[in-house]
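Notes to accompany the following structure.
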Amino acid sequence: GDSVTQMEGPVTLSEEAFLTINCTYTATGYPSLFWYVQYPGEGLQLLLKATKADDKGSNKGFEATYRKETTSFHLEKGSVQVSDSAVYFCALSEGQGAQKLVFGQGTRLTINP
Amino acid sequence: DAGITQSPRHKVTETGTPVTLRCHQTENHRYMYWYRQDPGHGLRLIHYSYGVKDTDKGEVSDGYSVSRSKTEDFLLTLESATSSQTSVYFCAISGLAGPYNEQFFGPGTRLTVL
């Protein structure tokens, strides 16, 4: 079945550092790819998405490019802020009808001032 | 913010007791989902609904049942709770079919089974 693998956390960085969170996937078809973010005590929010190869999703300074050849969707940000501290989830879905998301295990990110 | 509420937000119960969690939406979205979140596993789909009285199983459906008698409400029932069902449960909704649409998540219910 489909699966998503994220880099192990937790990740701790200083403010203004460069961020990369790796995500690779296994899928039978041609999935859509997502990054969701969960701030403390809250539900998940969509951060960005990409629906076909070489698409780049971007939002709030975060970017991720759909790489079909390496089955990857790595999340990057050039200069992180304390407010970016959260848990980040990579996810995929494919097929029609109801959107059954498959999530990675999540990566906890802490940014120190 | 999407209009999704979950109740209760916290619950502690004992092994063997029935438990029902409620998800309520004000968006009139067609699709509703129940996930559980556990350390090391991310979120996993339990059940989903694609319309009133139309539901189907997800990845981890054993021990859970669902019902949807109205568009706005999606109930998750643990018929006889076990300690392995201690988790945080999230409801989500989406309005459109297809793999590329956004799901909106509720605030979660933390369930502890003693």
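The values are calculated or read from the model by the stated rules, or taken from the named source; none is laboratory data. Every value quoted in this text rests on a predicted model; they were computed, and no experiment measured them. Cβ atoms come from the backbone with ideal geometry, glycine included; neighbour counts cover every protein chain shown.
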Residue in the range B:104-112 that is touching a Pro at 6+ places or on another chain (Cβ under 7 Å) and part of a strand (DSSP E or B) present: yes
Can you spot a residue in the range A:43-57 that is assigned to a loop (DSSP other than H, G, I, E, B), in contact (Cβ under 8 Å) with a residue 40 or more places away in the chain and either within 14 Å of chain B (Cβ to nearest Cβ) or crowded, with 17+ Cβ neighbours inside 10 Å (or both)? no
Mind listing just one residue for me: the one in the range B:1-24 that is of a type in the set (A, V, I, L, M) and either over 9 Å from B:Leu111 (Cβ atoms) or loosely packed, with under 13 Cβ neighbours inside 10 Å (or both) and, of those, modelled with the lowest pLDDT? B:Ala2
Quick one: in the range A:12-33, of everything that is part of a strand (DSSP E or B) and touching a His at 6+ places or on another chain (Cβ under 8 Å), which residue is surrounded by the fewest Cβ atoms within 10 Å (Cβ to Cβ)? A:Thr20
Given the conditions (1) assigned to a loop (DSSP other than H, G, I, E, B); (2) farther than 20 Å from A:Phe103 by Cβ; (3) free of Cβ contacts under 8 Å to residues at least 40 places away in the same chain; (4) among the small types (Gly, Ala, Ser), which single one is not true for B:Ala81? (3)
Could you tell me whether B:Gly40 is small (Gly, Ala, Ser), free of Cβ contacts under 8 Å to residues at least 40 places away in the same chain, closer than 22 Å to A:Phe89 by Cα and touching a Leu at 6+ places or on another chain (Cβ under 6 Å)? no
Take the residues in the range B:53-70 that are away from chain A (no Cβ under 14 Å) and modelled with pLDDT of 95 or more; name whichever of them is surrounded by the fewest Cβ atoms within 10 Å (Cβ to Cβ). B:Asp62
Lone unmet requirement of (1) at pLDDT 95 or above; (2) in contact with a Phe, Trp or Tyr (Cβ under 7 Å, 6 or more places away or on another chain) for A:Ala53: (1)
Only one of A:Val87, A:Val4 is within 26 Å of B:Tyr89 (Cβ to Cβ), aliphatic (A, V, I, L, M), assigned to a strand (DSSP E or B) and in contact with a Leu (Cβ under 7 Å, 6 or more places away or on another chain). Can you tell me which? A:Val4
Mind checking whether some residue in the range A:84-93 is exposed (fewer than 14 other Cβ atoms within 10 Å of the Cβ), over 11 Å from the mean Cα position of the chain (by Cα), closer than 20 Å to B:Tyr100 by Cβ and within 13 Å of chain B (Cβ to nearest Cβ)? no
